[in-house]
Amino acid sequence: MGKNELRIEHLCKKYHKTETALNDFSYTFTDGIYGLLGPNGAGKTTLMNIITSNIQETSGKILYNGREFSKWGREYKKKIGYMPQNQNVYPEFTLERFLYYMSALKGVDRQQAHRQVTELAGKVNLLQSLHKRLGCFSGGMKQRVMLAQALLGDPEIVILDEPTAGLDPKERIHIRNIISEIALKKIVIVATHVVQDVEVISKEILLMQKGSLLLAEHTDALCEKLQGKVHEIYCAEDELREIEHNYLVENISKSKGKLRVRIVAEKPPEKYISVKAEPSLEDVYLYYFQDR
Ligand SMILES: Nc1ncnc2c1ncn2[C@@H]1O[C@H](COP(=O)(O)OP(=O)(O)OP(=O)(O)O)[C@@H](O)[C@H]1O
Ligand SMILES: [Mg+2]
């Protein structure tokens, strides 16, 4: 069997006839993880909502393995798992009931559901909470519930909209590990503001701005573009304002009584001691979206 392919062609979404949320977006996804990055309002959720058929595109096409998505009919529900940006759990439901309920909505058969409910609860570390009501879950627990429900029915396409929003660092790493595990034979698209969550695990990073696709490349290729442009300079605290005024400052830390300031610039200021730094995806993000 060949690779799965999700092809997006010239997708546009206009709200109220004037607001363009998605502007001629074209891209082809194959098995693997894709990181979707872009500032607030870039169109990430809009794209995901169209792929998952939660909203209707204004124009353009989506094809899955060469066949138009609308022609897959009810089958598409089983092919796609979606973790929406906003948590939408029923507080009265226990985790177990919620997962069975979502399985039924998706058309997952009883036997598979039965096997998966326990398996997925275990995967997201919530086996002990299977019989507790979702209303008592913490934010991080709810995020994990939403990730688990997205994987019901073993979908071929998994769409995750900010899966680590609001999680503590340990939980974030946990979720990131789960994502990298599930991606072997699936198309996984992850929208996030936490650049580190997709930096290493993604096959390609898609940078979106104002509804358009700006760039789509592997992290290494994106970082390569900033080679030689990232510098760490050492200065005194009262010099910081001037630097911030003149340069794109990425990070500030303290080192031996001085401030270490990470900047992205063609040339570092001569006035300070500076060291060239290895570009990261976060540098890339700031560089491209500095004056959005
Ligand atoms: N229901 C709606 N009605 C009108 N405009 C909308 C609607 N939903 C989204 N938009 C607009 O579409 C644009 C893209 O929004 P979208 O939610 O897709 O961005 P995003 O990249 O997901 O942002 P964020 O990072 O904040 O989640 C924004 O300008 C937004 O105001
Ligand atoms: Mg969004």
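The values are calculated or read from the model by the stated rules, or taken from the named source; none is laboratory data. Small disclaimer: the values here were computed from a predicted structure and weren't measured. Don't worry about glycine lacking a Cβ; one is built from the backbone with ideal geometry, like all the others, and counts go over all protein chains shown. Quick note on the areas: whole protein, heavy atoms, side chains included, nothing else; ligands and nucleic acids left out. Shrake-Rupley method; radii C 1.70, N 1.55, O 1.52, S 1.80 Å.
Kindly provide the set of residues from region 19-74 that are over 17 Å from L160 (Cα atoms) and either buried (at least 20 other Cβ atoms within 10 Å of the Cβ) or of a type in the set (A, V, I, L, M, F, W, C) (or both), ordered by number.
If the condition is that a residue be over 17 Å from L160 (Cα atoms) and either buried (at least 20 other Cβ atoms within 10 Å of the Cβ) or of a type in the set (A, V, I, L, M, F, W, C) (or both), then A21, L22, F25, E57, I62, L63, Y64, F69, W72 are the ones that fit.
Name the residues in region 133-165 that are touching a Lys or Arg at 6+ places or on another chain (Cβ under 6 Å) and either hydroxyl-bearing (S, T, Y) or within 16 Å of ligand 2 (Cβ to nearest atom) (or both), would you?
Of everything in region 133-165, just one residue is touching a Lys or Arg at 6+ places or on another chain (Cβ under 6 Å) and either hydroxyl-bearing (S, T, Y) or within 16 Å of ligand 2 (Cβ to nearest atom) (or both), namely T164.
Considering only region 236-251, I want to know if a residue exists there that is open to solvent by 70 Å² or more (accessible area, probe 1.4 Å), assigned to a strand (DSSP E or B) and not assigned by TED's automatic domain parsing to the domain that holds P39.
yes
List the number of the failed condition for S212; all other conditions in (1) at negative phi; (2) out of contact with any helix residue (DSSP H, G or I) (no Cβ under 7 Å at 6 or more places or on another chain); (3) open to solvent by 40 Å² or more (accessible area, probe 1.4 Å); (4) modelled with pLDDT of 90 or more hold.
Checking S212 against (1) at negative phi; (2) out of contact with any helix residue (DSSP H, G or I) (no Cβ under 7 Å at 6 or more places or on another chain); (3) open to solvent by 40 Å² or more (accessible area, probe 1.4 Å); (4) modelled with pLDDT of 90 or more, the one that fails is (3).
Quick check on region 188-206. Is at least one of its residues closer than 30 Å to Y90 by Cα and more than 16 Å from ligand 1 (Cβ to nearest atom)?
yes
Going by the conditions given, is Y90 assigned by TED's automatic domain parsing to the domain that holds D24, hydroxyl-bearing (S, T, Y) and open to solvent by 40 Å² or more (accessible area, probe 1.4 Å)?
yes
Collect the residues in region 182-202 that are in a loop (DSSP other than H, G, I, E, B) and under 20 Å from A42 (Cβ atoms), keeping them in residue-number order.
T192, H193, V194, S202
Filter region 217-235 down to residues that are under 24 Å from the mean Cα position of the chain (by Cα), of a type in the set (A, V, I, L, M) and open to solvent by less than 30 Å² (accessible area, probe 1.4 Å) and give me whichever is nearest to V195 (Cα to Cα).
Among those that are under 24 Å from the mean Cα position of the chain (by Cα), of a type in the set (A, V, I, L, M) and open to solvent by less than 30 Å² (accessible area, probe 1.4 Å), it is L222.
Working only within region 61-78, note down all residues that are assigned to a strand (DSSP E or B) and over 17 Å from I159 (Cβ atoms).
Answer for region 61-78, where residues must be assigned to a strand (DSSP E or B) and over 17 Å from I159 (Cβ atoms): K61, R67, E68.
Scan region 152-166 for residues that are touching a residue at least 60 places away in the same chain (Cβ under 8 Å) and open to solvent by less than 10 Å² (accessible area, probe 1.4 Å) and jot them down.
Within region 152-166, L152, P155, I157, V158, I159, L160, D161, P163 qualify.
Which condition does I8 not pass, out of (1) surrounded by fewer than 16 Cβ atoms within 10 Å (Cβ to Cβ); (2) away from ligand 1 (no atom under 11 Å from the Cβ), if it passes all the others?
(1)
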